[in-house]
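Below: one structure, written as structure tokens.
The values are calculated or read from the model by the stated rules, or taken from the named source; none is laboratory data. Everything quoted here is computed from the prediction, not taken from an experiment. Cβ placement follows ideal geometry from the backbone for every residue including glycine, while neighbour counts extend to all protein chains displayed. Side chains are part of the model used for accessible areas, which takes the heavy atoms of the whole protein and leaves out ligands, DNA and RNA. Shrake-Rupley method; radii C 1.70, N 1.55, O 1.52, S 1.80 Å.
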Amino acid sequence: MKNLESLRSSIIALSAIYYYKISPPQIAFVMEFLKSETSSKQNIQKEINVILLGETGSGKSTLINYFTNYFHNGTLENLKIAIPTKHHVATEDLKHHEYNVQDTSKSKTRACAVYNFRKEDTIYNFIDTPGLSDTEGLIQDDFNIEQILGAAEQSGVLTAIILVINGTQARATVTLRNTLCLVKSSIPDVLLQNLIVVLTNCFAASANFEMVHLKPWTVPEANVFHMNNCALSRPLALWVKNIHMKTYLEKEWQCSMETIEKLIHNLTQLGGKTTEAFTQMRMKRDKIKSQLHSILLDVKKFQVLQNELDVMKITQKNISTDIEKYSDYKRTKEVEITEFEQCGYYSTICSVCSNACCYNGDTVSPFQIILGMILNEFPMLNRAYNFINLFSSSVEPLCKCNHPLHKHYNANVRPVKRTKTVEEILQDVKNAYDQNVSKNEEIQFKIGNLDSDIAAVKDALDEKTAEIPKCCRELKMLCSQFNFVDELQGIFDIMERDARTLTSMVVRADAEKRIRNVKHVVDTLTSAEKSG
């Protein structure tokens, strides 16, 4: 390692000579600086990161001040204060995030702050965090937890988690139970071996808090410390002239410093644990929330598509009714027609009214019969004859059928009157029928597309719904005490509220079923936790 550092220093020096043309005295200064920097790094062999958690008012900031006095050699008469309190102003140049130090009902620490101390070859980084179960409510707790988890994750490696509890509490109050629930739901199992409990405002003999409240966690006795840290809770003027109080505080101070020394020793014995588990927990939590929110949006999309589909089906039903209504666009009727049958005699047929004016030569001269035979035999001659008669029609007498004689011809046929059934189309009705058929085809195409879109949305919902239990189980493996009910109840409330606004019974039933399925997974995991 030393050879590598020496090589690094030489490379930097040569680079400086080449690029900046520095003089030999300057080179010596640079080499000396690099040597001192390397030596400084070598002297620091260990770095210990510790995060403090606890209820608002439990004494986390006070504990930081005791650490400050330990590392900065403070005394009862010459206190070293990193974090200002109700009776003491800050004396050390350490950054803090204290707020409203006079109000004991609210968390004074508003953001995570790191306090660095050095002893021999070790740097101690204590991360003070906002108090939990704050009087500002659940929203503030959620915000504080996010800050705490973020600070833990960013530390990279954690040596210990110090849980600070007011040791005078005989019973687990509502706020303490809430705090412990939040803490248990935030610490990965892999870091539980590095858990330290500090009971404040008490000695070992006077502690009221019972460790059973931390179940199922088990904290080794060696990792439980008691501190009656009352020295900082009183102003100097109150006890400096009171011999009995001064004696008591001096004894308490000595005990506290000895406790701090034992705690520091314990920290040096614990091995650091990577905070990758915090990263994984955050990713799983975010994924669960993201999936649930995505399900919420997809359900709304499902509702829109289903509403459109319902409208389309109603429209199609109306169109189908119209199609049936206009499908009877054909009509049949009986008509009388004249057909000609071959016969054994000649008749004079009127080409206008299709009547036989003369039968079997009746009132027909032999000349007309012969002429008719010739004309029937020779069509060209028949057309010429009709053409000539056209010019003579003005003087030609009318037949008994009141039509000109030139409109008649002779043939061996006779007209026969028959009744025939014919079909006619009502064009306006057919047009309406055709239009509705076209509309039905268009609606059917749209319904097909909507069915496909709804199927795609339902597939996506199935996939996301199935992903949530998987993420929950993976999160449970990381943190066996994770509180899914507390974590997801807000989203469930939103989903159930939105489900009640759905107007489609199909979509509403689907949404409620999905919510029940996810809740069942949460209940199963919670039951497994309690039984374990």
Q: Please report, as a whole percent, how much of the solvent-accessible surface of segment 53-96 comes from carbon and sulfur atoms (probe radius 1.4 Å).
A: 45
Q: Quote the FRET efficiency, to the nearest 0.05, computed for Cys343 versus Ala384 with a Förster distance R0 of 35 Å and r equal to the Cβ-Cβ distance.
A: 0.85
Q) In square angstrom, what is the accessible area per residue of segment 439-511 with a 1.4 angstrom probe? A) 53
Q) Expressed in nm to one decimal, what extension gain is obtained for the pair Lys458 and Glu77 from 0.36 nm per residue of sequence separation less their Cα-Cα distance? A) 130.0 nm
Q: Leaving ligands, DNA and RNA out of it, work out the accessible area of Glu339 with a 1.4 Å probe and give it in Å² to the nearest 10.
A: 70
Q. Ignoring ligands, DNA and RNA, what accessible area per residue does segment 134-275 give at 1.4 Å, in Å²?
A. 49
(Q) Rounded to the nearest percent, how much of the accessible area of segment 313-356 (1.4 Å probe, protein heavy atoms only) is carbon and sulfur? (A) 45
Q) Modelled label-to-label distance, Thr218 and Thr421, 7 Å Cα→beta-carbon offset: nm? A) 9.8
Q) Hey, how many Å between the Cα centroid of segment 214-255 and the Cα centroid of segment 137-197? A) 22
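Past the 12 angstrom mark, what percentage of all C-alpha to C-alpha distances in segment 263-311 do you count?
Every Cα pair in segment 263-311 considered, those over 12 Å come to 75 percent.
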**Q.** Set of lysines with alpha-carbon distance to Lys46 below 29 Å, sequence-local pairs under 8 removed
**A.** Lys2, Lys35, Lys60, Lys80, Lys95, Lys119, Lys184, Lys262, Lys273
Q. If we count every other residue with Cβ under 14 angstrom of Val240's Cβ, Lys/Arg +1 and Asp/Glu -1, where does the sum land?
A. +1
**Q.** Partners for Lys400 among lysines (Cα-Cα distance below 24 Å; same-chain residues under 8 apart left out)
**A.** Lys417
Q | Candidate lysines for bridging to Lys430, where Cα separation is under 28 Å - those fewer than 8 sequence places away on the same chain excluded | A | Lys313, Lys317, Lys325, Lys330, Lys333, Lys420, Lys439, Lys446
Q) Rounded to a whole number, what % of the accessible area of segment 131-275 do carbon and sulfur atoms account for, probe 1.4 Å? A) 57
Q) Where Lys and Arg each count +1 and Asp and Glu each count -1, what net charge lies around Gln427 among other residues with Cβ under 15 Å from its Cβ? A) -2
